[in-house]
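Notes follow once the structure below has been shown.
The values are calculated or read from the model by the stated rules, or taken from the named source; none is laboratory data. A quick note: this is a predicted structure, and the numbers were derived from the prediction, not measured. Cβ placement follows ideal geometry from the backbone for every residue including glycine, while neighbour counts extend to all protein chains displayed. Protein only, heavy atoms only, side chains kept; ligands, DNA and RNA dropped before computing areas. Shrake-Rupley method; radii C 1.70, N 1.55, O 1.52, S 1.80 Å.
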Amino acid sequence: MATLVAICGDLGRKKLTHFVKAALCLPDPGTHVVLWRSRSQYKYTKQVAGNEDLPLLSQFISPFTGCIYGRHVTGLCGKKQKEITNATKRVQIMGFMPVTYKDPAYLKDPKVCNIKYRE
Amino acid sequence: MKTKKQPETAAALKRTVEALMDRGAIVRNLENLGDRTLPYKISSHSQRHSRGGYFLVDFYAPATAVESIMEHLSRDIDVIRPNVVKHPLTQEVKECEGIVPVPLEEKLYSTKKRK
């Protein structure tokens, strides 16, 4: 099922958003999701649907523990963060996505969140 | 969406669809999402499952029928995890304006009237 993506304009650091724009094509050919980010503004018009959005939802969980990143990490606005959390929980309970870790197929996805791990 | 196991899936599917239709549901579409290892081992009906087949049934049904459908599916041994979800395409897509910048200076002092 094709989902509509409306990309809203961006302000702020052009270099960063340029890099973000280049890197954000997901490996899954069905869903083309480009998330724009500008400082703390996250304009993102898309309905978070059910089972087909697994690569999108896996971008917002930790690869080590599988916990969903908070708002200060993802930079999403209130509504979308809530939608993503609810969708992730739903998909995990239904048995499509693992809970304690990130599905290894999606480990190489471009990073959307602000998280920094100690090396 | 349900997850099933065992080679008698055709019979189980038929049973399920018939049960759905008995409760007044009009089945639009039945998709097979493939057989795969479950993301985590699921125990149901005193059995531990690690592989399952995923099936997606599109149907129209009155809202009152959901409870009886779920009850029936939970009794079926072949169904590992029954789920009924609203169809995502029927929900309205609202425009999200992003994070609206709030003027924090106004929020610094409370504007309540103090005696």
ask   = Which of the residues that make up region B:76-105 are more than 8 Å from chain A (Cβ to nearest Cβ), loosely packed, with under 15 Cβ neighbours inside 10 Å and within 19 Å of B:PHE59 (Cβ to Cβ)?
value = B:LYS86, B:HIS87, B:THR90
message = Going through A:THR100, A:THR85, A:THR74 one at a time, which residue ends up being out of contact with any strand residue (DSSP E or B) (no Cβ under 7 Å at 6 or more places or on another chain) and modelled with pLDDT of 90 or more?
response = A:THR100
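Would it be correct to say that B:LEU20 is out of contact with any Gly (no Cβ under 8 Å at 6 or more places or on another chain), surrounded by 10 or more Cβ atoms within 10 Å (Cβ to Cβ) and modelled with pLDDT of 85 or more?
Working: out of contact with any Gly (no Cβ under 8 Å at 6 or more places or on another chain): yes; surrounded by 10 or more Cβ atoms within 10 Å (Cβ to Cβ): yes; modelled with pLDDT of 85 or more: yes.
The answer is yes for B:LEU20.
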Any chance A:ILE68 is in contact with a strand residue (DSSP E or B) (Cβ under 7 Å, 6 or more places away or on another chain) and β-branched (Val, Ile, Thr) = yes
query = Which of the residues that make up region B:59-75 are open to solvent by 20 Å² or more (accessible area, probe 1.4 Å) and either modelled with pLDDT under 85 or not charged (D, E, K, R) (or both)?
reply = B:PHE59, B:TYR60, B:ALA61, B:PRO62, B:ALA63, B:THR64, B:VAL66, B:SER68, B:MET70, B:HIS72, B:SER74
query = Is it the case that B:ILE42 is among the hydrophobic types (A, V, I, L, M, F, W, C) and assigned to a strand (DSSP E or B)?
reply = yes
ask   = Under the condition of being within 29 Å of B:VAL84 (Cα to Cα), open to solvent by 90 Å² or more (accessible area, probe 1.4 Å) and not in a loop (DSSP other than H, G, I, E, B), which residue from region A:72-119 is nearest to the other protein chains (Cβ to nearest Cβ)?
value = A:LYS79
